[in-house]
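Below: one structure, written as structure tokens.
A short reminder: the numbers here are calculations on the coordinates, not readings from a lab. As the structure is a prediction and not an experimental result, all values here were calculated from the model. Note that each Cβ is placed from the backbone with ideal geometry, even for glycine, and that neighbours are counted across all protein chains shown.
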Amino acid sequence: MSSEFNNAEESPGFMLWQVTNLWQKAIRNALDPFELTHPQFVLLFSCKWLNEKNDDTGITQVQLAQHAQMDVNVTSQVLRTLEKKGYIERRPHPTDSRANIISVTKTGDEIASQAVQAVEREDRAFFSGLGNETGQLNQLLRQLVKR
């Protein structure tokens, strides 16, 4: 046998792959009515959330990418699409000529607020099978994110 595992279910990577695919399908279905992809939703809502935490002074593309743990180039591409949809605005940073300030438009704010309700509803349904162990899952996932 070419694997250290006797069963596929013993491989944490394979199990994570399966769960991730099932969860992403559920989230895609939840986001379909809003015509948002999952990356678009994550960046749009993260931008809204970070701006609210930052007194709506604006955040940079790099800050947004770091928050979402997303590649800066991918972030730029997704933001370009969100900008074309009229959900975000990019303007030059007042002190850093290499950076842009990203803010959410009124339309983007409305879409993000509606979409997050659908996503959180789907999350609750998807993870409900864990019962009160959801907190433990979050704790374990935080350990992996901090690596």
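Overview of values
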| quantity | calculated |
| --- | --- |
| Relative contact order %, the range 23-145, counting alpha carbon pairs below 8 Å whose residues are six or more apart | 28 percent |
| The range 1-42-the range 61-130 distance, computed between alpha-carbon centres (Å) | 21 Å |
| Local electrostatic count at residue 12 - Lys and Arg +1, Asp and Glu -1, tallied over other residues with Cβ under 15 Å | -2 |
| Nearest-0.05 FRET efficiency for residue 120 and residue 140, computed from C-beta distance (R0 30 Å) | 0.90 |
| Which of 15, 117, 82, positive extreme of dipole for the chain (C-beta unit charges) | 82 |
| Helical contribution to [θ] at 222 nm, DSSP H n ≥ 4, -39,500 (n - 2.57), averaged over the chain, rounded to 500 | -20500 deg cm²/dmol |
| Spin-label model distance (nm) - residue 2 vs residue 91, 7 Å beyond Cα toward Cβ | 5.7 nm |
| Spacing of the two label points (7 Å from each Cα toward its C-beta) at residue 24 and residue 77, in nm | 1.3 nm |
| Computed over the range 23-145, the ratio Rg/Rh where both radii use C-alpha atoms and Rh is Kirkwood | 1.00 |
